[in-house]
Amino acid sequence: MIASYNVHKCVGADRRFDPERISRVIHEIDADVIGLQEADTRFGERTGLLDLRRLERETGLIPVPVAGTTKAHGWHGNVVLFKQGTVRDVHQINLPGLEPRGALLAEIELARGGALRIIAAHLGLLHSSRAQQARLIVDLMSTENDTPTILLGDLNEWRLGDRSSLNTFQAAFGPLPPAVPSFPSTLPLLALDRIMANRRGLISTVEVHDSPLARVASDHLPIKAVINPETLRAETEARAESA
């Protein structure tokens, strides 16, 4: 299972700051890999807001290491947590635009077999910024690295059709999965959160994690998809044979 969750700095739909609720929702999801957005404070030292040590004890999820931070959990609020695997590579990407935004790129060797590249991102509120940020992410995909890749995060794009910045991703990820409304959590209307893969059959249908607790813990509902281990292993074996 892979998931994405904008935790809204642990402030719920009831405007109450409660990191414990967010941790309980993450526990409910029971993902093997999950990307979080807004897991740090926005300004200053960008202090992390969750008890990651307790979360690891209770769920087995450990954070992908981020260099150069002291109190923050992640990079521009982006955190990737995973179970039972080995991190092969990590890159912290500054995304262009008027707001400070970033993406965390991590390659993980999963204990169940197969390597997976995760790009966890939180795109900007301005359409012009999202367009630039989408192009940069697609450029990252054009490198010689052929590891199966999943892009996940709050892409902040509600437009469909020709004006949508999501169209840019089709160059690297092909036809996009159907939109799954995840915002606002109390009455989901907009599909701001996305999970997409650059391999056909790598993930199953994307759906929201809709529970009573998730409806109040953040202003976004988490989204999730099942990773197909056979597709992942086949990709890994094919690369090993061609090496």
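The values are calculated or read from the model by the stated rules, or taken from the named source; none is laboratory data. No experiment lies behind these values; they were computed from the predicted model shown. FYI the Cβ positions are ideal-geometry reconstructions off the backbone, even for glycines, and counts take in every protein chain you see. What goes into the accessible areas is simple: the full protein's heavy atoms, side chains included, and nothing from ligands, DNA or RNA. Shrake-Rupley method; radii C 1.70, N 1.55, O 1.52, S 1.80 Å.
Things to note:
- Gyration tensor (alpha-carbon) shape descriptor, the stretch 37-171, a/c threshold 1.5: oblate
- Taking the DSSP bridge list for the chain and keeping only pairs wholly inside it, about 80 percent are antiparallel.
- As a length-normalised measure over Cα pairs under 8 Å and 6 or more apart, the relative contact order of the chain settles at 21 percent.
- Figure note: Phe17, Phe169 ranked by solvent-accessible area, largest first, 1.4 Å probe, ligands and nucleic acids not counted: Phe17, Phe169.
- Sorting the segments 55-61, 7-13, 106-112 by their mean number of nearby beta carbons within 10 angstrom, highest to lowest, gives 7-13, 106-112, 55-61.
- Figure note: Arg117, Arg163, Arg53, Arg88 ranked by solvent-accessible area, largest first, 1.4 Å probe, ligands and nucleic acids not counted: Arg53, Arg163, Arg88, Arg117.
- Listed residue (Ile93, Leu213, Phe169) projecting farthest to the positive dipole end of the stretch 2-242, Cβ model: Leu213
- Listed residue (Leu192, Met141, Ser204) projecting farthest to the positive dipole end of the chain, Cβ model: Leu192
- Residues Val226 and Arg15, FRET efficiency given R0 of 30 Å [Cβ-Cβ distance, rounded to 0.05]: 0.35
- Spherically averaged projected area of the chain from its Cα convex hull (nm²): 12.3 nm²
- Stretching Val87 away from Glu56 to a fully extended chain increases their span by 9.6 nm, per 0.36 nm per residue minus the current alpha-carbon distance.
- For the chain, carbon and sulfur atoms together expose 53% of the accessible surface, with a 1.4 angstrom probe and every protein chain in place.
- Placing +1 on the Cβ of every Lys and Arg and -1 on the Cβ of every Asp and Glu, with nothing else charged, gives the chain a dipole about its Cα centre of roughly 400 debye.
- Between the stretch 141-171 and the stretch 176-194, the Cα center-to-center distance that results, in Å: 16 Å
- FRET efficiency, Lys71 to Leu125 (Cβ-Cβ, R0 30 Å, nearest 0.05): 0.75
- For Val138, solvent-accessible area (1.4 Å; no DNA, RNA or ligand), Å²: 30 Å²
- Using heavy atoms of the protein chains and a probe of 1.4 Å, the accessible area assigned to Ser164 is about 10 Å².
- Over the chain: helical MRE at 222 nm, DSSP H runs n ≥ 4 each giving -39500 (n - 2.57), nearest 500: -7000 deg cm²/dmol
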